[in-house]
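The block underneath contains the structure these notes are about, expressed in structure tokens.
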Amino acid sequence: MPPSSSSSKEAQSRASADAVDGVRMISSEELRKHASRDDLWISISGDVYDVTAWVPHHPGGDIPLLTLAGQDATDAFAAYHPPSARPLLRRFFVGRLEDYTVSPASADFRRLLAQLSSAGLFERVGPTPKVQVAGMLLLLCAALYCVLACASAWAHLLAGGLIGFIWIQSGWMGHDSGHHRITGHAALDRLLQVLSGNCLTGLSIAWWKCNHNTHHIACNSLDHDPDLQHMPLFAVSSKLFGLWSYFYERTLVFDAASKFLISYQHWTFYPVMCFARINLLIQSAVFLLSSRKVPQRGLEIAGVAAFWVWYPMVVSCLPNWWERVAFVVASFVITGIQHVQFCLNHFSSEVYVGPPKGNDWFEKQTAGTLDIQCSPWMDWFHGGLQFQIEHHLFPRLPRCHLRKVSPFVRDLCKKHGLPYAAASFWQANVLTWKTLRAAALQARKATSGAAPKNLVWEAVNTHG
């Protein structure tokens, strides 16, 4: 449609906003101008919506909307929302995108998503949640028995390890329930989240949702994805040095301390992972006490407080300080396995700087993710993360279906010339270690954050 006859700047800024059959036509250029918290538009399937008023109420938090503001968000919306959410958009409708296009990869992705939805796979959770709850209760009873009814120091050490395994299973349950309903009832799901997450592990499910939703939307974006922002301890790329974090709203400082720690990160990675849960406990507490909007903040805090009652109480039942320390260390070290697993799927994959683009959802999710090859009998160990590519493309899909969907995703990637990265658990660890080593060597050569050098420093670092 030709522009309005008015030559004023106001008319020009509304490029292609003429009505067609009573519907306002909007250009991508005009859409991009509405990309702030106070003026936020998105496009879904060619329709443009003004969701400014919805930002504070979005169940997934405000960050996903702010990250995709002013652009097409069709694939992200379809991946995260059931078809029943579509009618809710009508009240935000402002017009149609006049230059709306769909890439061949996105078209095939949406077709596959529709097929999975028609088959009812998103509603079939399977027996996994029930088996998990039963297993966690069994492990908890065994751990309490070892502490309260056994006098052996080895039994007490075993109890600490069992607590660690419980925390791992709790992590998988929290992950599943954060993405989709595992019981069919929202209230029961919420209860399980708080009991298995906040109460059992001390980690806030609200903090996890905020962090994890952002990670999914901005997968492997160095400045937007919090799962890659671990300075001053770790950096997967030298581009992180001094980068602004849009999630933490601060600069990732690369000073002398960061330079030193990152220079040896490939050696410190596994020892730090043994106690990485401390970081999550701190982040949960900071999040709950921050000025951020936290759904049911009181319930979240009460759940975390319950953990800090029962866990120290169990530890205090041990006969001496040596066994108490060993118990805590065992529980943290065992859980460190899961923290390593979290890193394997993304640390060695492709990274980029900047916000994600809604029109390359399929491409970004596959490029930034690594699957872990394993036998079906080992699926319990990986908790669904072994099919991380499939999970990132279909986050609402229960993990019991990920293995079935995997061949279709692999064929889709092959059809469009996109990477479908997969490695064994051992190979994934090697790839992660090499990525950390490469960034460590870059840190040693970096000039910013450099400490005064001497002959000892140069001798130690000459050969990496």
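Of note:
- Between residue 141 and residue 256, the FRET efficiency from the beta-carbon distance, with R0 = 35 Å, is close to 0.10.
- Lys, Arg +1 and Asp, Glu -1 on Cβ, resulting dipole of the chain about Cα centre, debye, nearest 20: 580 debye
- Quotient of Cα Rg and 2.2 N^0.38 Å for region 23-101, N being how many residues it contains: 0.99
- Segment residue 426-residue 115, length gained on full extension (0.36 nm per residue, minus Cα span): 108.5 nm
- Region 365-378 - phi-based ³J(HN,Hα) in whole Hz, Karplus 6.51/-1.76/1.60, Gly and Pro as x: 5, 6, 6, x, 9, 10, 7, 10, 6, 7, 6, x, 6, 9
- Cα gyration tensor category, rounded, prolate or oblate, for region 132-248 with a/c compared to 1.5: oblate
- Rounded to the nearest 20 debye, dipole of region 348-437 from Cβ charges on Lys, Arg, Asp, Glu: 40 debye
- Projecting the Cα positions of 237, 261, 393 onto the charge dipole of the chain (unit charges on Cβ atoms of Lys, Arg, Asp and Glu, taken about the Cα centre) puts 261 furthest along the positive direction.
- Cα long-axis angle, helix 128-149 against the chain (0 to 90 degrees, to the nearest 10): 30 degrees
- Integer Hz, Karplus 6.51/-1.76/1.60 couplings in order for region 322-331, x for Gly and Pro: 4, 6, 5, 5, 4, 4, 5, 4, 4, 5
- Per-pair calculated FRET efficiency, R0 = 45 Å: residue 94 and residue 305 via Cβ, rounded to 0.05: 0.50
- For the chain, the solvent-accessible area with a 1.4 angstrom probe is 47 square angstrom per residue.
- Which listed pairs, of 130/357; 239/414; 33/364; 209/434, have C-alpha distances above 27 Å, in listed order: 130/357; 239/414; 209/434
- Computed from Cα atoms, the angle from the helix 153-179 axis to the main principal axis of the chain rounds to 10 degrees.
- Cα long-axis angle, helix 402-415 against the chain (0 to 90 degrees, to the nearest 10): 50 degrees
- Net charge contributed by nearby residues that have their C-beta within less than 13 Å of residue 60 (K/R +1, D/E -1): +2
- Ratio Rg/Rh, restricted to the chain and using Cα atoms, in which Rh is the Kirkwood radius: 1.00
The values are calculated or read from the model by the stated rules, or taken from the named source; none is laboratory data. As the structure is a computational prediction, the values presented were derived from the model and not from experiment. All Cβ positions, even for glycine, are placed from backbone atoms using ideal geometry, and neighbour counts span all protein chains on display. For the accessible areas, the whole protein counts, side chains as well, though only heavy atoms, and no ligand, DNA or RNA atoms are used. Shrake-Rupley method; radii C 1.70, N 1.55, O 1.52, S 1.80 Å.
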